[in-house]
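Colleague: Quick one: the structure is below, and I'll ask about it shortly.
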Amino acid sequence: MNTTDFNALYQHMEWADATVWKAVLASANAQSDTKLRDYLYHLHMVQRAFLRIWRNEPRDTPFPTFEDAPSLMSWARAYYTEAFAHLATLNDEQLAQPMIMPWAAMVEQRLGRPPEATTIGDTALQVTLHTLYHRGQVNARLREIGSEPPLVDYIAWVWMGKPSPDWPALTS
């Protein structure tokens, strides 16, 4: 992986997140669904957790919580400005550098052995793949509660000409 590939993956990730959020905010059922909001919170919290690690920020600062879906979406949207600014500081050599994961002890407990070496690039890719996984759960949940999940596949984004994200407007 290189910075060009990561920029494309993160551009797609933002577009897909914005597209999913548009579907969520278009439905009163989706906005009030606790399970759906939990998926979305987890997805965006993990994005921010990795950003904290990349920027050497304290890990013990609690993440904010949100009373409603629009507030959570605003927090999610703001992540991308910060993430793109950070990604812009990295070059291909930095992506290949080892990265000590602060939660390596938890991983060791789960695996029963120490984790193998991880690079900054590995973690950046993990963010996109983790988001993809949970976005799939969000789309499945949208269907369960009677909404139509949006098409957010990477190839669909390419076929559409790699559109910019279209975040939903928040109404007061």
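Colleague: Being outside any loop (DSSP other than H, G, I, E, B) and either closer than 16 Å to ARG37 by Cα or in contact with a Cys (Cβ under 7 Å, 6 or more places away or on another chain) (or both) is the filter here; which residues of region 139-172 pass it?
Modeller: Those that are outside any loop (DSSP other than H, G, I, E, B) and either closer than 16 Å to ARG37 by Cα or in contact with a Cys (Cβ under 7 Å, 6 or more places away or on another chain) (or both): ASN139, ALA140, ARG141, LEU142, ARG143, GLU144.
Colleague: Additional query: Please go through (1) surrounded by fewer than 17 Cβ atoms within 10 Å (Cβ to Cβ); (2) within 30 Å of ASN29 (Cβ to Cβ); (3) free of Cβ contacts under 8 Å to residues at least 40 places away in the same chain for LEU72 and return the number of the only condition it doesn't satisfy.
Modeller: (1)
Colleague: Based on this model, can you work out whether ARG52 counts as basic (Lys, Arg), part of a loop (DSSP other than H, G, I, E, B) and either in contact with a helix residue (DSSP H, G or I) (Cβ under 9 Å, 6 or more places away or on another chain) or without any contact (Cβ under 8 Å) to a residue 24 or more places away in the chain (or both)?
Modeller: So ARG52 fails the test.
Colleague: Could you check THR131 against (1) more than 16 Å from ARG48 (Cα to Cα); (2) in a helix (DSSP H, G or I); (3) touching a helix residue (DSSP H, G or I) at 6+ places or on another chain (Cβ under 7 Å) and say which number it fails?
Modeller: (1)
Colleague: With the condition kept exactly as written, say whether any residue in region 20-39 is closer than 20 Å to GLU148 by Cα, among the acidic types (Asp, Glu) and part of a helix (DSSP H, G or I).
Modeller: yes
Colleague: Out of LYS22, LYS35, which single residue is modelled with pLDDT of 95 or more, loosely packed, with under 13 Cβ neighbours inside 10 Å and among the charged types (D, E, K, R)?
Modeller: LYS35
Colleague: Right, here's the next one. Condition (residue is surrounded by 16 or more Cβ atoms within 10 Å (Cβ to Cβ), within 18 Å of the chain's Cα centre (by Cα), among the hydroxyl-bearing types (Ser, Thr, Tyr) and closer than 20 Å to ARG59 by Cα) applied to region 150-158: is it met by at least one residue?
Modeller: For region 150-158, residues surrounded by 16 or more Cβ atoms within 10 Å (Cβ to Cβ), within 18 Å of the chain's Cα centre (by Cα), among the hydroxyl-bearing types (Ser, Thr, Tyr) and closer than 20 Å to ARG59 by Cα: absent.
The values are calculated or read from the model by the stated rules, or taken from the named source; none is laboratory data. Computed from a predicted structure; not experimentally measured. Backbone-built Cβ (ideal geometry, glycine too); neighbour counts: all protein chains shown.
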